[in-house]
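Only one structure is covered here, and it is reproduced in the block below.
The values are calculated or read from the model by the stated rules, or taken from the named source; none is laboratory data. Computed from a predicted structure; not experimentally measured. So basically every Cβ, Gly included, is an ideal-geometry build from the backbone, and we count neighbours across all protein chains shown.
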Amino acid sequence: MHLLKSFEESNKDTYGDLLSARRERRKITVGLILFGYFEYWRMFPESLRIQVEEDLKFVEEKLREKYELISTDVVDTLDAADISGRILKENQVDAVVLVMGTYVPDYITMHALNYVRDVPLLIFSAQHMKTISDESTYMNHARDSCLTGTAQLTATLKKIGRKHTTVVGSVNDEAAYKKIGRFLNAIQAIVDIKEANIGILGNVFRGMYDIELSKTFLKGCFDVNVIYIQESHLVESWENTTEAETKEVAEQLLKRFKTRTVTEQDILRACRLAIALEKLVDRYRLDALCLLDQHYLQRLFRTTSRIGASLLLEEKNIPVSCEGDLGSIVVAMLMQSLTGKNPMQGGWCGYDETLNACLIGGHGVADPRMAGGDEKITLTRTPEVWGMEGVGLNYEFIVKPGICTIASLLEKQNGYSMMISKAESIQHNPLNNDELYAFLKVDMPVKEYLEKIFEFGVTQHCMLSHDDVQNELKVVADYFGLETMVL
């Protein structure tokens, strides 16, 4: 009989304190409740019920194209509300989309919602058409009376403190479905991050109090698992990495990118550490990695982990942050879930009044696809050398132009706060600085922008996603009860 040991001491692949199977991404289940009002059916018996049910069926089919739905017949009575509410509860749905097809009094809608009190809720006020005809009859008004029901229900939810999101549109309004999609994508990100394993190599860089986080508070808020990895685990992976493996990775990099100021030995050592990091992530079923390069990995292996971290981003979709910054890794995991792409961790490095832009500098850790082409990337030295032999290995490039989202997570006395901002990455003449960087144009005078975010509270680091996910991050922040500022 094999006696299980903890992962700290076992040389096997199963442990008593880690799940044996890698956690697979689970697609969220959406509970859909479609509402009409039984009183209207007898008032307008000819066709109203058929028309409303056709409208609601259209909404259901539209959402079913992208999401796993749990739906029932149209809810128009208290009995139907009871049946639907029980079905959603039994199926443990991750989110509820309530579609208001006509006016419905609260005693019906609230009865169904009481079965899923703690489930994120979106209300879609689904009018039949986006215009009102001059020939519209009272029956047409009844068909489009959803606004009345929405006003009543949202007011009641405000009175009792139930969080919700509201979307107004017609049943064929693509903009409305995009808003619903953003909400559901945010719920997917919340589900994705829960019970994720974040591995930590090293500690927070000494004196960086702004990014010091409590492991317990982080678990309590985001439900992530923080796993401290011993240096011996990585040393073992390093020692088990062969010369043939190392040369293969180095050759692949040299085929893709031009080089400057690095030797063959610099490249080989960095690639060997890259392979060791990948093996470590696989062995301990990590979903993300938080590491300290300076005075830690550089001292152990006489190279830098930057290329290794970037390859984890590009090839394994494993978010990575440096300097022991757990807050940044949480934001990175959320952004990756929302976009399917990996963000860059950067720092506030300067501003340009003429461009009205912030200079965001990286630590060499980014998915190279953010450059917009391999020809725009140089393999170069690591600009900061913390007492190691050689010069390490680093990517140098500027983030390609386009709309971006910046976010920063800060632990405060009474919880967490998140700054969320939209910006535009703009083209700039190349800087010969051996580093990753971006020039981000903002929507207000740049010095005023910086004063606002510093007054609100941001860490020295931020995460930069090459997508507009402001709305989705706000939904996530509200769900977790974070204080937010959106710019």
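Data for the structure
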| quantity | calculated |
| --- | --- |
| Exclusive hit being farther than 19 Å from Phe301 by Cα and in contact with a strand residue (DSSP E or B) (Cβ under 6 Å, 6 or more places away or on another chain), set Phe217, Phe222, Phe183 | Phe183 |
| Per-region count, the stretch 391-431, residues under 19 Å from Ala366 (Cα atoms), loosely packed, with under 15 Cβ neighbours inside 10 Å and touching a residue at least 60 places away in the same chain (Cβ under 8 Å) | 2 |
| Among the candidates Asp55, Asp82, residue that is surrounded by 23 or more Cβ atoms within 10 Å (Cβ to Cβ) and among the acidic types (Asp, Glu) | Asp55 |
| Filter result for the condition that a residue is part of a loop (DSSP other than H, G, I, E, B), in the same structural domain as Leu326 (by TED's automatic domain parsing), surrounded by fewer than 22 Cβ atoms within 10 Å (Cβ to Cβ) and at pLDDT 95 or above, over Asp434, Asp468 | Asp468 |
| Filtered residues of the stretch 213-230 (kept if surrounded by fewer than 15 Cβ atoms within 10 Å (Cβ to Cβ) and in contact (Cβ under 8 Å) with a residue 40 or more places away in the chain) | Ser214, Phe217, Gln230 |
| Unmet criterion (only one of (1) loosely packed, with under 13 Cβ neighbours inside 10 Å; (2) over 26 Å from Leu311 (Cβ atoms); (3) of a type outside the set (Lys, Arg); (4) not assigned by TED's automatic domain parsing to the domain that holds Phe124) for Asp210 | (1) |
| Meets criteria (part of a helix (DSSP H, G or I) and at pLDDT below 95) for Glu54 | yes |
| The stretch 437-465: number of residues that are within 13 Å of Gly347 (Cα to Cα) and assigned to a loop (DSSP other than H, G, I, E, B) | 3 |
| Breaking point among (1) surrounded by 15 or more Cβ atoms within 10 Å (Cβ to Cβ); (2) touching a strand residue (DSSP E or B) at 6+ places or on another chain (Cβ under 9 Å); (3) small (Gly, Ala, Ser), for Ala175 | (1) |
| Selection within the stretch 471-487 - among the aliphatic types (A, V, I, L, M) and not in a strand (DSSP E or B) | Leu473, Val475, Val476, Ala477, Leu482, Leu487 |
| Exclusive hit being closer than 23 Å to His428 by Cβ, in the same structural domain as Glu389 (by TED's automatic domain parsing), within 19 Å of the chain's Cα centre (by Cα) and assigned to a helix (DSSP H, G or I), set Ser310, Ser328 | Ser310 |
| Single residue of the stretch 207-248 satisfying the filter (polar (S, T, N, Q) and assigned to a helix (DSSP H, G or I)) that is modelled with the lowest pLDDT | Thr216 |
| Enumeration of residues in the stretch 248-284 that are surrounded by fewer than 20 Cβ atoms within 10 Å (Cβ to Cβ) and basic (Lys, Arg) | Lys255, Arg256, Lys258, Arg260, Lys279, Arg283 |
| Where Met388 falls short, out of the listed (1) surrounded by 20 or more Cβ atoms within 10 Å (Cβ to Cβ); (2) modelled with pLDDT under 95; (3) within 21 Å of Leu311 (Cα to Cα) | (3) |
| Some residue of the stretch 331-340 being out of contact with any helix residue (DSSP H, G or I) (no Cβ under 7 Å at 6 or more places or on another chain) and not in a helix (DSSP H, G or I) | yes |
| Checklist (1) outside any helix (DSSP H, G or I); (2) surrounded by fewer than 21 Cβ atoms within 10 Å (Cβ to Cβ) applied to Gly199, failing item | (2) |
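The rows are residues; the columns are (1) at pLDDT 90 or above; (2) more than 28 Å from the chain's Cα centre (by Cα).
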position: His128; (1), (2): no, yes
position: Glu135; (1), (2): no, yes
position: Arg143; (1), (2): no, yes
position: Cys146; (1), (2): no, yes
position: Ala151; (1), (2): yes, yes
position: Thr156; (1), (2): yes, yes
position: Lys159; (1), (2): yes, yes
position: Arg162; (1), (2): yes, no
position: Gly169; (1), (2): yes, no
